[in-house]
Amino acid sequence: MEALAGGWAGGPACQPAVEMALADINSQRHILPGYWLNMTWRDSKCQPGLAIKHMYDLLYNKPVKVMLLSGCSTVTTVVAETSPVWNLVTLSYGGSSPALSNRERFPKLFRTHPSAIIQNPTRIRLFEKFNWKKVSILSSVEEVFVSTAKDLEKECSQRGIRVQRQSFYGDPADAVKTLKRQDARIIVGLFYETDARRVLCQAHKQGVFGRRYTWFFIGWYSDTWYIPPPEEHLGCTAKEMKEAAQYHFTTESQMLALDSTRGVSGMTGKEFRSRLVDRLERKPGDTGGFPEAPLAYDAVWALALAVNCTIAALPSDVKIENFYYDNHAMANQIFECVRNTSFLGVSGRVMFSDQGDRIVQTIIEQMQDGNYTKMGTYDMNSRNLTWLGREKWLGKGPPTDSTIVRKEILTVSIKVYYVVCALSLLGLILTVALFIFNRRYGYRSIISQSQPQCNNALLLGSALCCLSLFLLGLPADGITLPTSIFGSLCHIRISMLMIGFTFAYGSLFAKVWIVHRLGATESQQLANRHKDECWFALPPQLSMSLQDEETPWHSIRTLITGLASRQMVGSALRKVSSSPFATAFSTKRSPSTASSIADFLNQPIAAAKFYLVIATFLLADLVIICLWVVVDPLKRKELKYPRHEDTNQEDTMIEPILELCQSSNQELWIGVVLGYKCILLVFGLFLSYESRKLKLRYINDSRLVGLAIYNVAILALVTGPVVTLLIRTQADANFTFISVTVLLCAYISMGLIFVPKIRHIHTVPPTADESQPGLKNGTQRMSTSDKSRYELMTKENEAVQQKICLTEERIRQCRRRLDLLTNGMEGVSSSSATRTGGVSLSEEGQTTFSSPTITTHALVELQPPPTISTQLSASSQPFTGSIDADEAEHSDSSSDEIFL
Ligand code: ABU
């Protein structure tokens with residue numbers, strides 16, 4: 001059954017070849033002597049349904065058939081599956097499907113056409129030759145192609161070649177689109193010729209051709225298969241098809257014996273071809289089945305030889321012409337004779353394997369400007385590739401099997417890195433210079449009274465922070481690091497920054513902490529003293545206002561201060577520093593109180609106190625760092641960004657990669673470190689603010705420390721969230737932001753602490769360092785406003801002292817007169833007391849009053865001088881005015897008697 005049309009239209013060349021074979025066999029006297037070999041044929045159009053119909057027609061009509069001959073795989077499949085029912089051997093000259101090698105399914109099939117899978121080793125050999133590690137297969141859904149594609153995929157995966165497979169039925173547009181999306185570059189097409197034209201047209205339409213692509217097609221198509229026949233209406237012109245088909249490769253089995261040895265027919269392969277060409281109506285290249293024609297010729301010869309063999313093998317009384325479909329013995333004999341066939345045909349040696357397949361060489365060709373050019377051959381048995389080196393490419397060489405993806409590590413720009421390094425180096429030099437300065441002028445009071453050890457810790461911390469920037473900027477452009485040390489580098493730079501921060505900020509924090517604690521203790525003592533001495537004497541409404549003045553801010557302060565000090569100094573500090581009473585109190589305290597405060601605040605402070613604070617923070621850092629390293633170490637993590645085309649290199653995409661330090665529980669560790677540092681920053685801010693008015697002799701730079709803390713806290717509190725949440729993935733921005741913050745903090749802190757000292761040392765001679773005449777310890781280092789306030793307070797207290805003396809003198813005079821009156825009016829006293837509003841004398845000689853209007857006078861009389869002074873100061877009323885007013889107010893009252 002010929003296929004004159006359809007999937008594989010091999011009939012145009014194969015039918016003349018078969019006719020030629022029949023003629024040649026029938027002309028031979030020693031083959032089938034006395035018999036005439038005849039062929040009845042039908043056109044199956046390579047359609048299995050039609051083929052079956054024709055087969056039934058042939059089998060159910062006389063004469064009885066001894067063997068079946070079939071063409072394309074789809075027809076061979078149905079015929080060979082059915083023929084055993086009639087005990088008939090099927091001989092296929094056009095079936096290439098690997099599935100046909102299944103002896104269980106096709107027990108009586110033999111074929112002169114090699115299996116399509118024998119192309120696969122050749123294809124793989126070419127993939128390896130051109131270093132293609134990724135290929136794509138596009139096949140139509142026929143079994144012949146699907147099974148070939150599966151075999152190719154299996155073979156490729158065994159050789160480490162990645163395969164993507166697409167199949168289509170009918171329109172291949174979507175499949176081609178998918179291939180393009182998958183970045184397919186090396187594409188093996190497995191389909192019949194008609195589908196091949198559709199695929200090529202789509203490839204042209206979708207741009208899947210040219211320099212970046214290599215197509216592999218099946219080699220048994222006609223030479224001009226890509227030219228679309230007008231009736232197909234592909235939508236592509238012949239020019240477009242030719243353009244798309246340029247430089248594709250084909251592989252096909254060797255189907256014509258090229259040597260000069262004459263076979264059983266007495267012809268060489270070439271002689272056969274020239275005889276066949278004479279019989280063709282069209283040019284061989286345009287005639288379907290021309291490559292397979294030798295197989296069809298040899299298939300008829302194999303059939304004839306098998307029948308010949310059978311005739312010879314049959315008993316003399318059994319004739320082949322008596323064969324009927326249920327004659328198993330004769331059928332078996334025919335089968336055996338076909339199986340043992342071995343002859344030299346025009347296609348080469350014809351013999352069948354156990355699976356009924358032929359093993360032949362493969363020819364590789366390339367389409368060059370519309371013509372197929374032989375590239376070489378591949379011998380599957382010896383695995384030998386003979387390559388002629390005639391291949392051509394549209395580009396400089398074979399295309400790559402996929403877009404080259406170049407990984408580009410996103411690093412810090414080398415310019416940014418160098419600038420930061422230079423500034424860090426400057427910072428390091430500065431820390432060393434300031435350390436030398438600190439030691440060199442340690443004998444000057446401005447240095448010795450500023451806790452120089454603490455300032456050295458600031459310098460050490462700043463130096464560590466600057467050093468950490470050298471590591472934080474790595475890897476930078478042109479400075480790469482082995483990935484193996486990346487995790488360690490992550491820990492080293494973070495630890496260095498953490499410890500640097502602890503030393504630098506810890507030293508500032510330690511100062512404000514101690515200033516605050518000393519100030520708070522002093523305030524507590526004062527508060528307690530005045531609570532005992534004065535508060536009971538205050539007007540009730542003022543006393544209440546002092547005790548009950550609570551705003552949200554006060555509550556927060558109390559809470560934080562309570563946290564800061566176990567002595568609950570917060571409430572005292574609040575009362576002292578913010579109430580109207582306390583403000584007045586703090587500015588108008590008595591000389592003795594001021595003196596005791598000054599003494600208290602001007603005690604030398606042991607450096608160990610500062611070290612203790614810094615050491616506590618350092619311990620916390622070390623615990624966190626050790627736990628982090630041991631429990632959940634930082635590792636190198638690649639963060640991949642979307643690819644983009646490389647403008648400098650063709651067919652290359654750049655995949656930006658950012659190297660990150662990553663722990664499994666990164667958020668937890670960041671939360672712990674940032675949370676802990678954040679609390680310290682906020683706490684430092686609070687303490688700086690609270691102790692802004694306090695000044696200790698032995699922390700003479702506490703206000704500058706406060707300023708440094710404001711600066712560090714604000715910068716760090718802004719930078720922390722920004723770098724961890726917003727720009728973590730932007731190498732340059734991240735590094736710049738951190739560097740600017742670290743450098744600003746270090747430079748400003750060192751500047752605030754050391755610049756005033758440097759200026760002082762250069763402007764004030766060492767001899768002028770000590771206290772100025774006229775001022776005691778507590779005032780010698782006071783600010784101008786404090787000094788003037790102190791002097792005013794001293795003068796006011798002196799005036800108050802004078803008035804107290806005057807008042808005491810008048811009281812003594814009053815007492816004397818009262819004694820005189822009491823002695824002169826003895827017996828009348830009790831009634832007089834009743835008349836004067838309840839004024840009486842106690843047994844101890846003290847006066848008691850029942851009228852509220854004279855309570856003040858009673859207090860004036862009974863309170864010791866400092867208390868009166870304090871009370872008056874606290875009420876913010878001039879003392880003399882108060883006394884005069886009371887005197888005027890009560891001049892007409894019963895109390896007049898007392899004063900008079
Ligand atoms: N060489 C033609 C193969 C056709 C087919 O296997 O169907």
Handout entry: Above-threshold pairs, the threshold being 18 Å between Cα atoms, out of 134/205; 134/154; 45/283
Key = 134/205; 45/283
Handout entry: Full-stretch length increase - residue 799, residue 277 - with 0.36 nm per residue and alpha-carbon distance subtracted
Key = 173.8 nm
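Between residue 676 and residue 646, what's the calculated FRET efficiency when r is the beta-carbon distance and R0 is 30 Å? Round to 0.05.
Working: r = 45 Å, r/R0 = 1.50.
It comes out at approximately 0.10.
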Fill in the blank from the handout: Classified through the alpha carbon gyration tensor (a ≥ b ≥ c as square roots of its eigenvalues; rounded if a/c is under 1.5, else prolate when a/b is larger than b/c, else oblate), the range 396-435 comes out prolate
Fill in the blank from the handout: Mean Cβ-within-10 Å packing, highest first, puts peptides 745-755, 59-69 in the order 745-755, 59-69
Exercise for the section: Could you tell me which of rounded, prolate or oblate describes the range 439-500, using a ≥ b ≥ c as the square roots of the eigenvalues of the alpha-carbon gyration tensor, with rounded for a/c under 1.5 and, failing that, prolate when a/b is larger than b/c and oblate otherwise? Expected result: prolate
Exercise for the section: Using only alpha carbon pairs under 8 Å that are at least six residues apart, calculate the relative contact order of the range 148-287 and give it in whole percent. Expected result: 19 percent
Handout entry: FRET E, pair residue 629, residue 607, Förster distance 35 Å, beta-carbon r, rounded to 0.05
Key = 0.65
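Quick one: length gained pulling residue 405 to residue 131 fully straight, 0.36 nm per residue minus the C-alpha distance? Let's see the in-between values first.
Numbers: separation 274, 0.36 × 274 = 98.64 nm, distance 1.62 nm.
97.0 nm is the gain from fully extending residue 405 to residue 131.
Please work out whether the range 1-86 counts as rounded, prolate or oblate from its C-alpha gyration tensor, where a ≥ b ≥ c are the square roots of the eigenvalues and a/c under 1.5 means rounded, while otherwise a/b larger than b/c means prolate and anything else oblate?
Verdict is oblate for the range 1-86.
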Fill in the blank from the handout: Under the 7 Å Cα-to-Cβ spin-label approximation, residue 425 and residue 396 lie apart by a distance in nanometres of 3.9 nm
Practice task
Give the residues of the range 184-217 whose amide nitrogen is closer than 16 Å to a point set 7 Å from the Cα of residue 233 in the direction of its Cβ.
Solution key: 198
Exercise for the section: With label points built 7 Å along Cα→Cβ from the Cα atoms of residue 806 and residue 353, find their separation and express it in nm. Expected result: 13.5 nm
Handout entry: residue 41-residue 326 FRET efficiency (beta carbon distance; Förster radius 25 Å; 0.05 resolution)
Key = 0.50
Practice task
Taking H placed 1.01 Å from N in the peptide plane, check which residues at least 5 places from residue 375 or on another chain put their amide H under 5 Å from its amide H.
Solution key: 364, 365, 366
Exercise for the section: Order the peptides 41-54, 494-507, 626-639, 74-87 from the highest to the lowest mean number of other Cβ atoms within 10 Å of their residues. Expected result: 494-507, 74-87, 41-54, 626-639
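Just order 646-657, 242-253, 16-27 by mean Cβ neighbour count inside 10 Å, highest at the front, would you?
Working: 646-657: 13.7, 242-253: 21.3, 16-27: 19.5.
Ranking the peptides 646-657, 242-253, 16-27 by packing returns 242-253, 16-27, 646-657.
Any read-out appearing in this document is the output of simple, stated calculations on the displayed coordinates, not a laboratory observation. Because the structure is predicted, anything quoted here is derived from the model rather than measured. Note: ideal-geometry Cβ built from the backbone for every residue, glycine included; neighbour counts use all protein chains shown.
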